[in-house]
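S.K.: I'd like to ask some things about the structure below.
Laboratory data are not the source of any read-out in this text; all were calculated from the coordinates shown. What you are looking at is a predicted structure, and each value in this text was computed from that prediction instead of being measured. Backbone-built Cβ (ideal geometry, glycine too); neighbour counts: all protein chains shown.
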Ligand code: PA5
């Protein structure tokens, strides 16, 4: 099936027996980890579909949901000029990543007939200038808003809901509800209550699917379908990756398990606590963003599942090839040995840009003539890979034969599996985010929320020492 080829993982440049004994991961360390990796695999598979592992079944259990998604998407495409996602974190990064990967790179700027669907905006911040600027470019009467929040309690998203519904009531009047689609938990939180009281169209985020693992449920699938992306093919790709991993507890042949074992070894044994996600394709730039949240929020933890104090995690960094060759690469080749570089390579781009002949008097320019940007970007990727190799820097490559719905489905599911396996190996809860809570509490306290816990937090914050003059410059 040529449109559904497998993505591949190449870890040669991670390994000591390729990169050099002092630099790479000793294969014996992976052998030693094999029983733990097998146990991690068995645990993840045993728990699939339960607890917070509902995302593992999303490629297989959404037939009814898909029909509704496609029907609603068709209505949105027919009726609206703009589709605005209101959400943050896991409710935004997936829709952005998939849209950038699978829609035209300048989708919003295309004329409507070429786009086929409404313009897409994903509003994942509350910068007041941003909301004002959005309102300058959309016509509320022709805009549909998809409010996405699993908890229904996220201040950023619910404040946007308040602003937008107030405006819609004023501008659209009766029937404003037809401009709002809610994606939320089936039973818990404020948004589901609003769905019921206002009669809003809605989609369910399954209870067992956490925000950053939710791209393959209606959180991501609705925006994708509205933009004309083949969501069934995305799920098919994810199912392919599930098939690759599902019945294989062997660390050397299950790619997600090997990747988790390698990164675990980097973190725990080698103090390699940074992973740079380096796509050599603009279309995959936001996939790096999505990965950063998945990896950081899932693995950055201070306690094991058994209650032991730890401080684990690997800092994900997003970069872009070739752009960051002229910005970050110097650090990656000569700075501290604290990073793994993960290349995302595309074998066949969806366009070919020929470089014409010219400037014959300048040999360094003239030699580019007759080649293509496709050749140049891959040559630069190979050049960077070689420079890293030569400098003894661990790197690995995930190759996508093409960027399409199938390979993106595979890639997202692959990283989710790697994260689940890595969480098992680290013995932490990869599906919670308690570290985010303190900032939330403190900001509600600052904003004057009257509830007791925020009042107490206000008091605690007031006890902070006054800033010292000498440090105010
Ligand atoms: O991964 C997560 O759980 C978080 O990043 C959430 O997606 C984010 O905090 C938004 O939460 P909610 O969907 O409840 O608004």
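S.K.: Multiplying the sequence separation of residue 271 and residue 46 by 0.36 nm and subtracting their Cα-Cα distance, what value in nm do you get?
M.R.: Extra length available between residue 271 and residue 46 comes to 77.9 nm.
S.K.: Right, something else. Below 8 Å between Cα atoms, with a sequence gap of 6+, how large is the relative contact order for segment 1-150 in percent?
M.R.: Computed over segment 1-150, the figure is 23 percent.
S.K.: For q values of 0.05, 0.10, 0.11 Å⁻¹, compute log₁₀ I(q)/I(0) with the Debye formula on a Cα-only model of the chain, without solvent.
M.R.: -0.21, -0.82, -0.98
S.K.: Multiplying the sequence separation of residue 471 and residue 304 by 0.36 nm and subtracting their Cα-Cα distance, what value in nm do you get?
M.R.: 56.4 nm
S.K.: For the chain, what does -39500 (n - 2.57) per DSSP helix run (n ≥ 4), summed and divided by total residues, give at 222 nm, in deg cm²/dmol to the nearest 500?
M.R.: Values: 18 runs with 219 residues, N = 473.
Computed ellipticity for the chain at 222 nm equals -14500 deg cm²/dmol.
S.K.: For a test of the definition: using alpha carbon positions, the gyration tensor, and the 1.5 limit on a/c, classify segment 242-287 as rounded, prolate or oblate.
M.R.: Because a/c hits 1.5 or more and a/b fails to exceed b/c, segment 242-287 counts as oblate.
S.K.: Find the centroid of the Cα atoms in segment 91-157 and in segment 416-473, then give the distance between the two in whole Å.
M.R.: Segment 91-157 and segment 416-473 have Cα centres spaced 28 Å from each other.
S.K.: Express the relative contact order of segment 283-435 as a whole percentage, based on alpha carbon pairs under 8 Å and six or more residues apart in sequence.
M.R.: Relative contact order, segment 283-435: 33 percent.
S.K.: Separate question: Going by how many other beta carbons lie within 10 Å of each one, how would you line up 359, 217, fewest first?
M.R.: Ascending number of Cβ neighbours within 10 Å: 359, 217.
S.K.: I would also like to ask the following. From the square roots a ≥ b ≥ c of the eigenvalues of the alpha-carbon gyration tensor of segment 328-373, which class results: rounded (a/c under 1.5), prolate (a/b over b/c), or oblate? List each step's numbers first, then the result.
M.R.: Details: a/c = 6.05, a/b = 1.69, b/c = 3.57.
Oblate is the answer for segment 328-373, as a/c is 1.5 or above yet b/c matches or exceeds a/b.
S.K.: Please arrange 86, 376, 426 by how many other C-beta atoms lie within 10 Å of their C-beta, fewest to most.
M.R.: With the sparsest Cβ surroundings first, the list reads 376, 426, 86.
S.K.: What list do you get for 450, 416 if you sort them by fewest beta carbons within 10 Å?
M.R.: Numbers: 450 7, 416 26.
Ordered from fewest to most neighbouring Cβ atoms within 10 Å, 450, 416 come out as 450, 416.
S.K.: Another question, if that's okay. Mind running the shape call on segment 374-429? Use the C-alpha gyration tensor, a ≥ b ≥ c as the square roots of the eigenvalues: rounded below 1.5 for a/c, prolate if a/b tops b/c, oblate otherwise.
M.R.: Taking the square roots of the gyration eigenvalues as a ≥ b ≥ c, segment 374-429 is oblate.
S.K.: Consider a paramagnetic label point 7 Å from the Cα of residue 315 along Cα→Cβ; state which residues of segment 330-346 have an amide N under 17 Å from it.
M.R.: Backbone N within reach: 330-342.
S.K.: How high is the relative contact order of the chain, in percent, counting Cα pairs under 8 Å that sit 6 or more residues apart?
M.R.: Contact order relative to length: 22 percent.
S.K.: Scaled to the compact-protein estimate 2.2 N^0.38 Å, what is the alpha-carbon radius of gyration of segment 6-87, rounded to two decimal places?
M.R.: The value comes to 1.87.
S.K.: Please find the FRET efficiency linking residue 163 to residue 461, where r is the Cβ-Cβ separation and R0 is fixed at 22 Å, and quote it to the nearest 0.05.
M.R.: Efficiency, rounded to the nearest 0.05: 0.20.
S.K.: Quick check: residue separation of residue 155 and residue 36 times 0.36 nm, minus the Cα distance between them. What number comes out in nm?
M.R.: Once the chain is fully extended between residue 155 and residue 36, it gains 38.8 nm.
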